[in-house]
Amino acid sequence: MSKIAVLGYGVVGSGTVELFYKNKEKIISKVGKDLDIKYILDIRDFPDSPYADKFTKNFDDIINDPEVTIVAEVIGGLKFSYGYVKACLEKGKNVVTSNKELVAEKGAELLKIAAEHNCNFLFEASTGGAIPIIRPLHQCLAANDITAIAGILNGTTNFILTKMINEQMAFDDALAMAQKLGYAEQDPTADIEGHDACRKICILASLAFGKHVYPKWVHCEGITKLTLEDVMYAENWGGEIKLIGSVKKCADGKILPMVRPAFVCNNNQLSHISDVFNGIMVYGDAVDEVMFYGRGAGKLPTASAIVADIADAAKMNGTSISQTWEDSADDSFIADYKDDVVSVYVRTNGVPAEKISAAFGTVEYLSRDNQPDGELAFIAPAMPERKFDEKLESLGGEVLGKIRVLELD
Ligand code: HSE
């Protein structure tokens, strides 16, 4: 019998407990051994819960109970989770988590502790919600030299963008709806400023390229500066604006991880991913490209990945799988995004077309309904972003929008 403790009874924690008991018999038959949840840690009281007898406010009950061999950390953030997870791994307890901040900031250290203590630190739920991506990247695609990964990695922002595009809903209303549906982080700044997607691309990049990529090394832009006007220009251009997290291998061997809103052309599958869904393209030398798609956030989709990790941890108790990467002392293996060659969409006010041609040569002008006099929107030819920024600066006038065009494939 493996006993489980669930740390945190919020959206994902309650979903984990609900899903575990809903499908308990099926899960046990797949694992081949008995499993049960012994503790749920939360500072709040849940007297009416059917699981009321399992609640504790004291982490010591869990860490000191030798029967507990699997701990699901779904508190989020670093404040409590880091200490709890480290203590569990040091005692040889398997830990599964949906906490992308924990994995992105402390993954190398925690994976090392898990290996040293013959237990597992599993985090399928940290990236892509319900989508299996961590194991496929580490196991099923292991034969490939991964050249790039690009994806929609945040359900909340994709939900907001979909509502803005399809229903012309205001940004704040769409965000409030995402919060109500349990998609957004406790502090939704992490979603809309791109930090959540940044943590997720750090995890995927670390797995794919074998060295820990810390979020502070990644250029990250969110969706807060996007306007409905930009959305309209993108539509008329033949695409959609999506928040893209990506990493690619550069010619000099460095890698370039990045998070930013991007114009995604309609012939790229990522442009068709709507609502809370995530989509992740992985490019490898043998597979060419593979795509992963599914619900990127929400109670049961995320719980699905957590409970699957619990099942794997139960099967592998006493052994440590090699899902790991090295720590990195510095960012010398990370390329400067300003050197990346990119096409960029620009929306200007009060800049004459002659000045645009003088700076950029031939550009592709875009149009929209009710385009006011003086507003010009165009896509500049591909060039290193540093050079693009210098030319943009030289235009004068007002720059109302600047969005890169996604060109990975
Ligand atoms: N806030 C996250 C998202 C939750 O919207 O994608 C899932 O990681």
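The values are calculated or read from the model by the stated rules, or taken from the named source; none is laboratory data. Here the structure is a predicted model, which is why all the values come from computation and not from measurement. Please note: Cβ atoms are built from the backbone with ideal geometry, for glycine as well, and neighbour counts cover all protein chains shown. Keep in mind that these areas ignore ligands, DNA and RNA; they rest on the heavy atoms of the full protein, side chains included. Shrake-Rupley method; radii C 1.70, N 1.55, O 1.52, S 1.80 Å.
Once you order the gyration tensor axes a ≥ b ≥ c over the Cα atoms, which shape class does the stretch 150-263 get: rounded for a/c under 1.5, otherwise prolate or oblate by comparing a/b with b/c?
oblate
If one takes the longest principal axis of the Cα atoms in the chain, at what angle in degrees, from 0 to 90 and to the nearest 10, does the Cα axis of helix 299-315 lie?
Tilt relative to the chain: about 50 degrees.
Could you check what % of the DSSP bridge pairs in the chain are antiparallel, to the nearest 5?
If we restrict to bridges inside the chain, about 65 percent are antiparallel.
Per residue, how large is the accessible surface of the stretch 337-405? Use a 1.4 angstrom probe and give square angstrom.
Averaged over the residues of the stretch 337-405, the accessible area is 49 Å².
Using 0.36 nm per residue of separation minus the Cα-Cα distance, give me the extension gain between D252 and E167 in nm, one decimal.
26.2 nm
With a 1.4 Å probe and all protein chains left in place, how much accessible area per residue does the stretch 86-153 have, in Å²?
Per-residue accessible area for the stretch 86-153 comes out at 28 Å².
Any idea what angle helix 228-237 forms with the longest principal axis of the chain, computed on alpha-carbon atoms, 0 to 90 degrees, nearest 10?
So the helix axis and the longest Cα principal axis differ by about 70 degrees.
Using a 1.4 Å probe on the protein chains only, how many percent of the accessible area of the chain belongs to carbon and sulfur?
Result for the chain: 49 percent of the exposed heavy-atom area is carbon or sulfur.
What is the gain in length, in nm to one decimal, between E326 and D145 on full extension, counting 0.36 nm per residue of separation less the C-alpha to C-alpha distance?
63.4 nm
Sorting check: for 46-52, 147-153, which peptide has the highest mean count of neighbouring beta carbons within 10 Å, and how do the rest follow?
Listed from highest to lowest mean packing, they are 147-153, 46-52.
How many angstrom lie between the C-alpha centres of the stretch 7-48 and the stretch 332-409?
51
With r as the distance between the Cβ atoms of T362 and N267 and R0 = 22 Å, compute the FRET efficiency 1/(1 + (r/R0)^6) and round to 0.05.
The computed FRET efficiency comes out at 0.50.
How tilted is helix 11-22 with respect to the longest principal axis of the chain? Cα atoms for both, answer in degrees (0 to 90, nearest 10).
50
Under 4.7 Å Cβ to Cβ, no partner at all: give me those cysteines from the chain, in residue order.
That list is C88, C119, C140, C202, C250, C265.
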